[in-house]
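The values are calculated or read from the model by the stated rules, or taken from the named source; none is laboratory data. Since the structure is predicted, the reported quantities are computational estimates derived from the model, not experimental observations. Please note: Cβ atoms are built from the backbone with ideal geometry, for glycine as well, and neighbour counts cover all protein chains shown.
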Amino acid sequence: MLHVISLAQFAVAYTRGWAANSPNARVRLKAERDRAQQEVALLNAELRIHRVRMAQLSPHRRPYYPPIERMAILQLKAARGWSQEQTADHFLVTSETIAFWLRRVDEEGPKALVQLAEPVNKFPDFVRAMVRCLKTVCPMLGKVKIAQILARAGLHLGVTTVGRILKEKPAPRPAPAQTPEAQHRVVTSKYPNHVWLADLTTLPISSGFWASWLPFSLPQCWPFGWWIGVVMDHYSRRIMGITLFWREPSSQAVCAFLGRAMHAANARPRHLITDRGPQFDCRTYKRWCRRKGIKPRFGALGKCGSIAVTERLILTLKQNLAWLPLIPLRRKVFLRQVLDLAGWYNGHRPHMSLDGRTPDEVYHPQRPANRQPRFEPRPRWPRPSPCAKPVTLVKGKPGVRLEMEVTFHGGQRHLPILTLRHAA
């Protein structure tokens, strides 16, 4: 049965690939509709399996929903128009539980439906330090005596709380900084277009590449997956070029892609760092770099300043593409979505290693948006007081009311652009 299902998926993928590139629009729409129906059927089968497993347990032995998920369940109940019984049946709880959640929606304080993850009765760390210090100074004192002494001083702790603090292991001391070993031939990016990074990755069009026959994988090519090529500037973390390949590209195809990226940027890097893939570790690629005046370099595995930067970029791209309902089979459609993602990444996504700036703000020297004067919604906030980093001046008067507008880059729901303005 597994062989039959895998073989059917193999055949259907090829058929859908042909239909997705058909000149007939009705055929393309039918292929998309067929993929959507299959995805819905597979998700329903997955949910049914989860429900069967959870239904084997009694309601009182099932895992509890965290407070945030309880509110999400009530929001879905309102959106679906379900009754309490219908909601309880879908989420495998009792109707009394749903009614109890509804009664607690308007509550505030520590007993509200949605609570903070950190318990409210947790003492801060300086209280633990005081208890341990008192035990160190007077080792003969027990937990009862320590609790009584602290109570006389105005700090009331339970005896069990003192005992638990004394049993806790102290936080480990930070390891001494090790002197890094001398590195040879280290390339450090000092300005835009100094060092570029390039890499290739695969993205499955369906859920994965697994199949039930040897070698237990589908061919890593269209219509089962896309090959994505990306090149970025190391100094600014800007995506300089991104493209799609039908199958694993050759060295000539990769060189052509890099040439298009340099032509679009009207610049060429001094160093180009890649991994040791067959497209880069060959004579064709090295001769091309020599003609362009570029020094090819191979990155070291596991080093934060090497190809790990490109791998992190690829992970970010895949995480954002995972929000798409389905990976398109048509190259033109998917390439447009990938280019929209690259444009949003360069122009609107703040980067942690750039102190909240975007790659475009670093590549094209611009004043960062997070350095502009800020809004201050607290009316009694002293203007000279510092704010959360980066510290900036207050725009206008404190106590301003704001309204938020969220737009989407290229109409993609997973690429938000946030705008704040004065409320009317």
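Observations, loosely collected:
- Residue in the stretch 218-229 that is touching a strand residue (DSSP E or B) at 6+ places or on another chain (Cβ under 9 Å), at pLDDT 95 or above and surrounded by fewer than 15 Cβ atoms within 10 Å (Cβ to Cβ) present: no
- Looking only at residues of the stretch 186-205 that are within 23 Å of the chain's Cα centre (by Cα) and surrounded by fewer than 20 Cβ atoms within 10 Å (Cβ to Cβ), we find that the one that is nearest to R312 (Cα to Cα) is T201.
- In the stretch 55-69, the residues that are more than 23 Å from the chain's Cα centre (by Cα), in a helix (DSSP H, G or I) and free of Cβ contacts under 8 Å to residues at least 12 places away in the same chain: H60, R61
Let's see how each residue does on (1) over 25 Å from M232 (Cβ atoms); (2) in contact (Cβ under 8 Å) with a residue 40 or more places away in the chain; (3) charged (D, E, K, R):
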| residue | (1), (2), (3) |
| --- | --- |
| E361 | no, no, yes |
| R374 | yes, no, yes |
| P377 | yes, no, no |
| L393 | yes, no, no |
| K397 | yes, no, yes |
| V400 | yes, no, no |
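- Answer from L317, L329, L341 - the residue that is touching a helix residue (DSSP H, G or I) at 6+ places or on another chain (Cβ under 7 Å) and not in a helix (DSSP H, G or I): L329
- Across the stretch 116-127, a minimum of one residue is classified as of a type in the set (K, R) and modelled with pLDDT of 65 or more.
- Scanning the stretch 355-370 for residues that are in a helix (DSSP H, G or I) and closer than 21 Å to T419 by Cβ gives P359, D360, E361, A369, N370.
- The set of residues in the stretch 87-99 being in a helix (DSSP H, G or I) and touching a helix residue (DSSP H, G or I) at 6+ places or on another chain (Cβ under 8 Å) consists of T87, A88, F91, S95, T97, I98, A99.
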